[in-house]
1. Just checking, which of R24, R3 is within 27 Å of Q348 (Cβ to Cβ), modelled with pLDDT of 70 or more and either in contact with a helix residue (DSSP H, G or I) (Cβ under 8 Å, 6 or more places away or on another chain) or surrounded by 14 or more Cβ atoms within 10 Å (Cβ to Cβ) (or both)?
2. Tell me the residue from S305, S240, S290, S249 that is polar (S, T, N, Q) and either closer than 24 Å to L360 by Cβ or not assigned by TED's automatic domain parsing to the domain that holds L362 (or both), please.
3. Exactly one condition in (1) within 22 Å of the chain's Cα centre (by Cα); (2) at pLDDT below 95 is false for A49; which is it?
4. If I filter segment 383-427 down to residues being at pLDDT 95 or above and acidic (D, E), which single residue comes out as nearest to Q348 (Cα to Cα)?
5. How about segment 246-298: which of its residues are charged (D, E, K, R) and surrounded by fewer than 23 Cβ atoms within 10 Å (Cβ to Cβ)?
6. Counting only residues that are under 22 Å from D263 (Cα atoms), give me the helices (runs of 4 or more DSSP H) lying completely in segment 329-423 with at least 2 of them.
7. Do we find that V377 is of a type outside the set (D, E, K, R), without any contact (Cβ under 8 Å) to a residue 60 or more places away in the chain and surrounded by 15 or more Cβ atoms within 10 Å (Cβ to Cβ) in this structure?
8. Return only the number of the condition from (1) surrounded by fewer than 21 Cβ atoms within 10 Å (Cβ to Cβ); (2) touching a residue at least 12 places away in the same chain (Cβ under 8 Å); (3) more than 22 Å from V353 (Cβ to Cβ) that A13 does not satisfy.
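The values are calculated or read from the model by the stated rules, or taken from the named source; none is laboratory data. Note that the coordinates shown come from a computational prediction; the quantities given were computed from them, not determined experimentally. Don't worry about glycine lacking a Cβ; one is built from the backbone with ideal geometry, like all the others, and counts go over all protein chains shown.
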Amino acid sequence: MPRLPPALIREAALQNHLLPLLLRACRDLPSARNEFRWLQEHARDTVHAKTRKRHKALPEDALIHLKSPRHGEEKSQCPQRKDSSVKSKADRLEKTSVAVDANSRRSLFRRRVFVHRGHRNSVVSHTSGRGLRDAFQEQYTARSHAQSLLAKFIARRARGVPLQYILGNQPFGNLEILTRKGVLIPRSDTETYSQHVAKLLLSWLHTATFASHTRLPGRRKLRILDLCSGTGCIALLLHSVLKPPNLDSNIDLEILGADISMDANLLSRRNLQHNIAEGLLHPDAAQDVSFQQMDILRLARSNRSKTRRLFNHGSPSAHQDAALDDTWDVIVSNPPYISPKDYRPGGQTNSSVRKYEPKLALVPPVSGSSGDANPAVDPGDLFYGPLIDLMSSVGAKLLVMEVGDSQQAGRVHEIAMEKFKNRDDDVRFERWKDDGTERLLSTSRASHQGLTDGLAAEGTQAASATTDSHASDRAVVVWARELAEWRMSVRWDGRV
């Protein structure tokens, strides 16, 4: 990693003596300033939460909400957080000054009222025997505690601890995903393709006569598997787009998240409850979404009947009307895909990721439950063959698999062609890039070169004029049966 320019360090120190520490992780001043604001807010919120516990019995009319001045914001480069998040955090970080006229001040002393800063820039006042002096002392103590806490947060960040682990959350679409050490932090690329998947499914549901394929006549039923679900961010974001929290919807959803990690499953359930409580998920999500601990690689080696039974046993409708051999419509997966070589020091994996994020969620196992020792398969690609097998086992019509880069996407395409070469399924393959570009791929090696060269096209999210040739592939997508027919007709004009 290159050294920071001395001039940049001096400029940061002139603004705040703690900013140079953040430059170690952020590498640029705008990002360091933004992270400073977020950490400052987190320190204040932590102190406020403790203060509120000591002062629970406050009258409702004691709350005086003050309007804080808006503050400038800057785009963060490390890590990427939503612009709306930057705006809200900047608003809540502003200091609020309160002007009290002479009569009001005398009245405060006569009534022996104490004033302290409440949560989110509000001033809370109520009668107390301690007097105003004690209240001001409490404010001073709270500010000192917040400053001390901020210094500790920044010291952790300077050592490379991910910002999301310090703050305890990460914006993901319109959701707030709770984060904790031991569970992979959601990435913005995952958010982008997850939203795209949800919008495509909505389009399909609105244009296709889906009711004839459902298990409940007259209702639109969609069953989705999120495999290697981690924090549950993909499953929850799909639900929030398909069934918005404040709108009526006639779509019946079943979403099952599966992960081998117990820590991940516990956190995903917390995220489900948290986002419902915050009004960010439809209340139906409590019945529509569930998370189970499952070994995906081991499950992929089971026969079709057993696989369906295990997934259906863990589904939200397991105790309702679902049959044990019911099929699923969609599989979305962000599996471990970093090879041991790329994970080692000197490889492509950031040192902060290696040090603090779980290897289990990043690198496929080299032995144990996988049972796959095929030397022809790149160690980083271990999950993709089993995921394609699971697509066939559960009868899914759409499979979306996140990949690390374009080279891996090419290998996964080869795996998919090999898996489907002797099957009668009507399938189509695509690659989705970071910039929104979509590419239709060949379904057999014979037509591989011509089709991939001829059918590259801009995706709905790409720029209209040009596309970035350096953009990396982010997902390999497999469409099957009626969804493949629909996709070809609406996106690729029926080209084969």
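1. The match here is R24.
2. On the way: S305 fails: either closer than 24 Å to L360 by Cβ or not assigned by TED's automatic domain parsing to the domain that holds L362 (or both); S240 fails: either closer than 24 Å to L360 by Cβ or not assigned by TED's automatic domain parsing to the domain that holds L362 (or both); S249 fails: either closer than 24 Å to L360 by Cβ or not assigned by TED's automatic domain parsing to the domain that holds L362 (or both).
That would be S290, the only listed residue that is polar (S, T, N, Q) and either closer than 24 Å to L360 by Cβ or not assigned by TED's automatic domain parsing to the domain that holds L362 (or both).
3. That leaves (1) as the condition not met.
4. Among residues in segment 383-427 that are at pLDDT 95 or above and acidic (D, E), the one nearest to Q348 (Cα to Cα) is D405.
5. Those that are charged (D, E, K, R) and surrounded by fewer than 23 Cβ atoms within 10 Å (Cβ to Cβ): D248, D252, D263, R269, R270, E278, D284, D295, R298.
6. Result: 351-356.
7. Working: of a type outside the set (D, E, K, R): yes; without any contact (Cβ under 8 Å) to a residue 60 or more places away in the chain: yes; surrounded by 15 or more Cβ atoms within 10 Å (Cβ to Cβ): yes.
Here the answer is yes, as V377 does meet what is asked.
8. Of everything listed in (1) surrounded by fewer than 21 Cβ atoms within 10 Å (Cβ to Cβ); (2) touching a residue at least 12 places away in the same chain (Cβ under 8 Å); (3) more than 22 Å from V353 (Cβ to Cβ), A13 misses just condition (2).
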